[in-house]
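In what follows, a single structure is set out as structure tokens and then discussed.
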Amino acid sequence: MNEGLIPRRYAKALYKFALEKGQDKPMYGLMQQLSANFAADSSLHEVMSNPFIADGDKVKLLNLAAGADKSHTCFADFMKLLIENKRISAIRSIALAYLTIYRKANNIYLVDVVSASEMDADSKSRLKALIVSHLNGGSMEFSQRVDSQLIGGFVVNIDSERLDASVQNELKQLRLNLLRK
């Protein structure tokens, strides 16, 4: 069976359950924190896959990694379900799938801007306003980073779309055009 199919099904069920309980937004925050911690520390995945570590210890670690407390009953119930069905090792994939489902349902776009140098506040706010105007009423999760290899300009990634307005890309295109001639 497809490895992505099972996590998506669990994530979809979790989203519906959290939505019914009115905890879909807090669950989104927990899943963001959890996926960020999985990305920051690769040993977390190893711990979840290790059959010699007790399930209770795994749940405690996941609660800590997600920032969950006793008020997050939906998360606690979901952890119990994963333990019962022996799917705790798929929690990272489930968290990522939940984030995708939530964003789609709430019209949230991931926007990543890579620039050659740090953008000043005015340029960043103008760029954000321009991006928002193209999102058809959606909202965005904005991140910005610097990559000096771009030489100049910027690259905007909105979900799976890319606008490359960098000097590096212009030089690459120029090189390709010269090679074709």
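The values are calculated or read from the model by the stated rules, or taken from the named source; none is laboratory data. Predicted, not measured: the structure shown is a model, and the values here were computed from it. Neighbour counts are summed over all protein chains in view; Cβ atoms, including those assigned to glycine, are modelled from backbone coordinates with ideal geometry. Ligands, DNA and RNA are stripped out before the accessible areas are found, and what is left, the full protein with its side chains, is counted by its heavy atoms. Shrake-Rupley method; radii C 1.70, N 1.55, O 1.52, S 1.80 Å.
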Taking the chain and counting helices only, DSSP H stretches of n ≥ 4 at -39,500 (n - 2.57) each over all residues, the nearest-500 ellipticity at 222 nm comes to -19000 deg cm²/dmol
Among DSSP beta bridges lying fully in segment 100-177, give the percent that are antiparallel, nearest 5. 60
On a C-alpha basis, how far is the centre of segment 1-72 from the centre of segment 104-181 in Å? Whole number, if you could? 31
DSSP loop GluC sites (Glu not before Pro) with at most 12 other Cβ within 10 Å: longest gap in the chain: 4-117
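Based on DSSP, what percent of beta bridges with both residues in the chain are antiparallel, to the nearest 5?
Here the share of antiparallel DSSP bridges comes out near 60 percent.
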Got a number for carbon plus sulfur as a percent of the chain's accessible area, 1.4 Å probe? 53
When only DSSP loop residues count, what trypsin sites (Lys or Arg not before Pro) in segment 40-99 have their Cβ near at most 12 other Cβ atoms within 10 Å? LYS70, LYS86
Normalise the Debye intensity by I(0) for the chain, one equal point scatterer per Cα, no solvent, then take log10 at q = 0.14, 0.15, 0.19 Å⁻¹ and round to two decimals. -0.87, -0.94, -1.19
Take the cross-link list LYS70/LYS104; LYS25/LYS60; LYS80/LYS104 and give me the ones stretching past 24 Å between alpha-carbons. LYS70/LYS104; LYS80/LYS104
How much net charge surrounds LEU110 when only other residues with a Cβ under 15 Å from its Cβ are counted (Lys, Arg +1; Asp, Glu -1)? +1
Given points 7 Å out from each Cα along the Cα-Cβ axis, report the ASN85 to PHE142 separation in nanometres with one decimal. 3.8
Among all the aspartates and glutamates, which ones have a C-alpha under 20 Å from LYS16's C-alpha, if same-chain residues fewer than 8 places away are not counted? ASP24, ASP77, GLU84
